[in-house]
């Protein structure tokens with residue numbers, strides 16, 4: 001059965017939600033797992049309801065507008081985190097090693113491919129999760145100019161344990177994950193964690209394609225999908 005990893009986005013010390021990566025429009029999260037937007041309370045509730053891992057993104061860090069480090073530390077004490085703090089290079093990866101066991105290195109914020117290789121040459125693979133961020137069918141990055149074929153070549157060389165394939169255009173939209181995009185990366189199916197628009201109706205098809213993990217935010221928090229679904 002697919003392992004559903006709930007998503008928590010943090011901004012200004014609270015949990016938030018939004019669509020298509022338009023972070024300036026994100027609003028306080030409404031979730032069935034808590035009556036408040038306190039990320040610590042929500043994360044603990046998610047764990048109590050069966051979440052094996054929780055994906056936490058600090059949007060303030062990613063946008064370079066502050067941080068929620070103290071909250072991340074507290075969530076990490078009781079939960080198994082996959083943490084995205086906008087890592088850009090070797091030094092920032094090393095800094096965040098104390099905040100979560102698995103750290104996301106995303107194409108959006110990575111400074112250079114050389115820094116990615118340096119991270120992989122130094123730290124255990126099980127602590128590194130590469131995130132291939134896609135927007136409008138292209139690699140989203142502040143610093144890299146890479147095609148999907150080029151990033152696939154790099155993935156083959158690095159052979160990471162886990163790869164997030166995140167279609168940011170579909171985040172929060174409930175439009176289903178882009179199957180054409182999945183098919184482009186299907187050779188990595190045993191490593192993929194999919195994110196972006198996934199619905200309950202799509203889970204069975206994704207499992208049939210060999211997908212083992214997915215990121216879900218909206219559908220989890222509004223109760224449409226249980227953390228351990230039966231389908």
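With a Förster radius of 25 Å applied to the C-beta separation of residue 27 and residue 173, the computed FRET efficiency comes to 0.95. Here the contact order of region 3-221, divided by its residue count and restricted to Cα pairs under 8 Å and six or more residues apart, works out to 19 percent. Considering only 118, 47, 19, the Gaussian network model of the chain with Cα springs below 10 Å gives its largest mean-square fluctuation to 118. An oblate overall shape is assigned to region 1-95, the ratio a/c of its alpha-carbon gyration tensor axes (a ≥ b ≥ c) being 1.5 or greater and a/b not exceeding b/c. Beta bridges assigned by DSSP with both partners in the chain are antiparallel in approximately 20 percent of cases. Computed packing ranks the peptides 70-78, 171-179 as 171-179, 70-78, most packed first, by mean other Cβ atoms within 10 Å. Potential lengthening of the chain between residue 143 and residue 3 amounts to 47.2 nm, from the contour at 0.36 nm per residue minus the alpha-carbon distance.
Read-outs throughout are calculated quantities, based only on the coordinates presented, and are distinct from any laboratory measurement. It should be emphasised that the depicted structure is a prediction, and the values quoted were computed from it without experimental measurement. Neighbour counts run over all protein chains shown; Cβ positions are idealised from the backbone, glycine included.
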